[in-house]
Amino acid sequence: MQKKETLQAIITDLDRAIKMLVRKDFELSGIKEKREAELMELDHIAKLLVRRDLELTQIKERREDEFQELEERTKELEESKQALLNILEDVEESRMLAEEEKNKTLALIANFSDGVLFFDSKNKLSLANIKVQDFFNIKPDEIIGSSLEELNKFESLKTLISLISSGLKILAKTREELVLGSSLVLEVSTVSIELEEQKLGTLLILHDITREKSVERLKTEFVAIAAHQLRTPLSAIKWTLRMFLDGDIGDVSETQSEFLQKTYDSNERMINLVNDLLNVTRIEEGKFLQKTQKCNIVDLLKEAAKSIEDIIMKKNLNFNLVLPDKNSPELNMDKEKIILAIQNLLENAVSYTKIGEVILSGAYDIAQKRFLIKVQDSGIGIPKEQHTRVFSRFFRSSNALKTETEGTGLGLFIAKNIIEAHGGKIWFESVEGKGTTFYFTLPA
Amino acid sequence: MIKAGVGRSNNISAIEAGEEACSKAIGEAGGKADLIIVFSTVAYEQKEVIEGVKSVSKEIPLVGCSDAGEITTQGPTSKGVAVMALQAHGMEFSVGVGNGADKDSFSAGKSAAEEAKRKAKEPFSLFLMFLDGLAENGAAAVRGAQSILGENFPIMGGSAGDDFLFKKTYQYCDGQVLTNTVIGVGLSGDFIFGVGVRHGWEPVGLPMKATKSQGGKLIEIDNRPALSIYEDYFGKKAEDLTKEPIARMAYTYPLGLSVQGSPELLLRDVIIANEKGEITCAAEIPEGSEIRLMMGDSEKAIKAAKEAAQNALSQLKGSLPKAIFVFNCIARHKLLGMKIGEEITAIQDVLGKEVPLIGFYTYGELAPLGGMLGPTCRPAFHNETMALLVLGE
């Protein structure tokens, strides 16, 4: 009985123990489940963490790429900067070279024997050398930077400014003489300075020609005096010979008359030469035109034509005179000189034409308000290579020298000066062996 | 007596770059050398850069490989060439080459070790290896060499890189530019050395099991397609992970294997994943291995480099460091980004700033597990790891 009880008690204990164990096991499995859930959660967190980290890594990578690009850009910039600095250095070097060149040029200009003035594109004086001070007694510093108006206020500069400026604009290209005071004569040249079609300004060069001028004047004076002194005895000889030839002082034999005639002709040529020389000196002295008066060109042409009638007949040439309309306007002219000019042209035409004709024609051009006078011949012509020298003093063409020994070589020079003094123009067309035509105009 | 010199150049001309770097290295080494080590960018025509080096080094034995960035005493650089000239009185170098690493890495590693050993006059104390970074199985190449040298024989080295292009890498042996080869150099004679191997990566998440693998190819993890772990962790779809080498996204998230004898998990880079969900790794992951996803952190990485240097220094047992070789993973370059120089500075803080240093950014590192030498020395193929070797006397 006691055993049974004991057994019962053991069973009860065991049962309790089993129940406890089951309960523990249940509790344990609960804990395990909980742990597993916790682990799963940790794993999940780990995954989230990795995702976040990956994102960060990728962002960092992009940043670093950007940074690298930035560094490269910076490097490029640095290189550009260096390149630029190098260029600047080169430029500085070039600038210094240019500066040196400029200094040389300035030294050259400063010590130049001519006066030099440079006006910029706005016509302000930007450069003047020391010679300018010698000429005008003004220090370059006082006038540099001045406009033409301002320069005009200096008394000593007035004549120069009025010479070079027209409406206060500097003339592009001129070559004039400027007389300053009693003895100083300057040749003023203005040159427009352009660089690649852009006007930089105008350069004025003042060349002292006082000495040349005085030498020239002395020469002209000498010729004038000499010619004048020659003319009186030549005239005396002329009239004496005339009297002999006309038999006014007794008979002369035929042989004597022949010699006297030749002497007379030679004397005439001498007189012509002296007259031409006197004309030339007057031209050079600038006092050529003496008295101007209203005249009809028709009369002048007729008068000039008359002077060659004899020789035309003698050489058996055809002469044609074409006159302008009678109603053409009258001109203000130095009549004697215009006749002289036409005569010179006509004499040349006749002298250098053996056969054929000489035409003198005049016409009035209403549109251009001028007369056009033409002297045409069928003579020996002028060799082409000598065309440029035709109006020079003492010029005689090579073929003219062969055919005609007479002539001073001054006729065309005189004619040109007469025409130009009247505001006209003279030119010619010529073919060697075929003939020559001289034209000149006279403005009405 | 060991005297090393290091030169580098990024001259735009490959030939001139080779010449410059080599002249400087030999100059620093005292005008002569017994071994020339070259690491170069693939941006240079490879034959030209070696020609440039050889024009200066002439008949001195030359080894090396292409890289993904050079490391010298001056710190990390890229797109250039780095040369070390090693003058080592009392040391012998013996070079061997193994071919066909793309088909059989084991045999290639074995041949390289065999040839080097055959040519050597004295027994080796250390074996250096340069692998093709894109050839089959780096770990097998190490095992191949071990089959000749012994399981506990110290092996150091790295896998050639190609500036992160993953197209073709090159190995250099004397005047030759090779590919798919293993270059081995046996070092013997009178010298002492220390090694350091650390990565600093940390495991995250729960351990997983490689349930199916084949060499470097990981097929299943926890009975699911291997790629699914990256899908889970990255929160990306499989197609996003397969359209370009998964390495580009996952280089700082390698897999870690627990290996006996190593204080850190052994890292494996994932390189390419396919639409079947298989992942090709830089080296084998044995079937049944416990694996973890690893996460990198720049501070820990720099700290790891310092620890590796300290380990190497302690192994020199008071000898002075004479030359430093750094085999540093390209992934660390990517992880550290602009802080990349700090890692090398950390090493130099320990070993000396003036000690000639050469190295390169690798596609895989060869070093004893845990940096242990002696009877417990077990060389392995690493990824994402700082592996360094210091020669001293």
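A few notes on this one:
- Residue match in the stretch B:292-300 (condition: in contact with a helix residue (DSSP H, G or I) (Cβ under 8 Å, 6 or more places away or on another chain), within 14 Å of chain A (Cβ to nearest Cβ), of a type in the set (Lys, Arg) and over 17 Å from B:Leu335 (Cα atoms)): no
- Taken over the stretch A:28-84, the criterion of being modelled with pLDDT under 90, open to solvent by less than 70 Å² (accessible area, probe 1.4 Å) and away from chain B (no Cβ under 12 Å) is satisfied by A:Ser29, A:Gly30, A:Ala37.
- Residue match in the stretch B:223-231 (condition: open to solvent by 30 Å² or more (accessible area, probe 1.4 Å), within 26 Å of the chain's Cα centre (by Cα), assigned by TED's automatic domain parsing to the domain that holds B:Asn274 and not β-branched (Val, Ile, Thr)): no
- Beta carbons closer than 7 Å, at least 6 apart along the sequence or on distinct chains, pair a first residue in the stretch B:134-147 that is within 14 Å of B:Ser111 (Cα to Cα) with a second that is surrounded by fewer than 23 Cβ atoms within 10 Å (Cβ to Cβ) for B:Ala140/B:Phe106; B:Ala141/B:Phe106; B:Arg143/B:Phe106; B:Gly144/B:Phe106; B:Gly144/B:Ser107; B:Gln146/B:Phe153.
- Counting only strands (runs of 3 or more DSSP E) that sit completely within the stretch B:1-95, those holding 1 or more residues that are assigned by TED's automatic domain parsing to the domain that holds B:Leu357 and aromatic (Phe, Trp, Tyr) correspond to B:35-40.
- Hey, A:Thr232 in contact with a Ser or Thr (Cβ under 7 Å, 6 or more places away or on another chain) and either outside any helix (DSSP H, G or I) or not acidic (Asp, Glu) (or both) or not: no
- Given (1) modelled with pLDDT under 95; (2) away from chain A (no Cβ under 14 Å); (3) open to solvent by 40 Å² or more (accessible area, probe 1.4 Å), number of the condition B:Gly235 does not satisfy: (2)
- The set of residues in the stretch A:283-300 that are in contact (Cβ under 8 Å) with a residue 40 or more places away in the chain and in contact with a Ser or Thr (Cβ under 9 Å, 6 or more places away or on another chain) comprises A:Glu284, A:Glu285, A:Ile297, A:Val298.
- Counted residues, the stretch A:123-141 - those being out of contact with any Asp or Glu (no Cβ under 7 Å at 6 or more places or on another chain), more than 21 Å from A:Asp208 (Cβ to Cβ) and in contact (Cβ under 8 Å) with a residue 12 or more places away in the chain: 2
- Residue list for the stretch B:216-232, filter: away from chain A (no Cβ under 13 Å) and either on the phi > 0 side of the Ramachandran plot or not in a loop (DSSP other than H, G, I, E, B) (or both): B:Lys217, B:Leu218, B:Ile219, B:Glu220, B:Ile221, B:Asn223, B:Arg224, B:Pro225
- Listed by first and then second residue, the pairs with beta-carbon distance under 8 Å, at least 6 apart or on different chains, first residue in the stretch A:60-88 and without any contact (Cβ under 8 Å) to a residue 24 or more places away in the chain, second of a type in the set (D, E, K, R) and open to solvent by less than 100 Å² (accessible area, probe 1.4 Å), are A:Glu61/B:Lys334.
- Summed over the stretch B:245-291, the residues that are within 14 Å of another protein chain (Cβ to nearest Cβ) and closer than 22 Å to B:Thr376 by Cα give a count of 1.
- Test result for B:Asn152, touching a Cys at 6+ places or on another chain (Cβ under 7 Å) and either closer than 21 Å to B:Val259 by Cβ or not assigned by TED's automatic domain parsing to the domain that holds B:Leu373 (or both): yes
- Some residue of the stretch B:283-295 being touching an Asp or Glu at 6+ places or on another chain (Cβ under 7 Å) and in contact (Cβ under 8 Å) with a residue 60 or more places away in the chain: yes
- Here B:Gly138 passes the criteria (1) touching a strand residue (DSSP E or B) at 6+ places or on another chain (Cβ under 9 Å); (2) of a type in the set (Gly, Ala, Ser); (3) open to solvent by 30 Å² or more (accessible area, probe 1.4 Å) except the one numbered (3).
- Answer residue from the stretch B:109-124, given it is assigned to a helix (DSSP H, G or I) and of a type outside the set (A, V, I, L, M, F, W, C) and is surrounded by the fewest Cβ atoms within 10 Å (Cβ to Cβ) among those: B:Arg118
- Candidates B:Ile324, B:Ile347, B:Ile330: the one that is closer than 13 Å to B:Gly158 by Cα, open to solvent by less than 30 Å² (accessible area, probe 1.4 Å) and in the same structural domain as B:Ile37 (by TED's automatic domain parsing) is B:Ile330.
- Of the residues B:Phe106, B:Phe93, B:Phe130, the single one that is open to solvent by less than 30 Å² (accessible area, probe 1.4 Å) and in contact with a Gly (Cβ under 9 Å, 6 or more places away or on another chain) is B:Phe130.
The values are calculated or read from the model by the stated rules, or taken from the named source; none is laboratory data. This structure is a prediction, so every number in the text was calculated from the model and none was measured. With ideal geometry, Cβ positions are generated from the backbone for all residues, glycine too; neighbour counts draw on all protein chains shown. Only protein heavy atoms, including side chains, enter the accessible area calculation; ligands, DNA and RNA are left aside. Shrake-Rupley method; radii C 1.70, N 1.55, O 1.52, S 1.80 Å.
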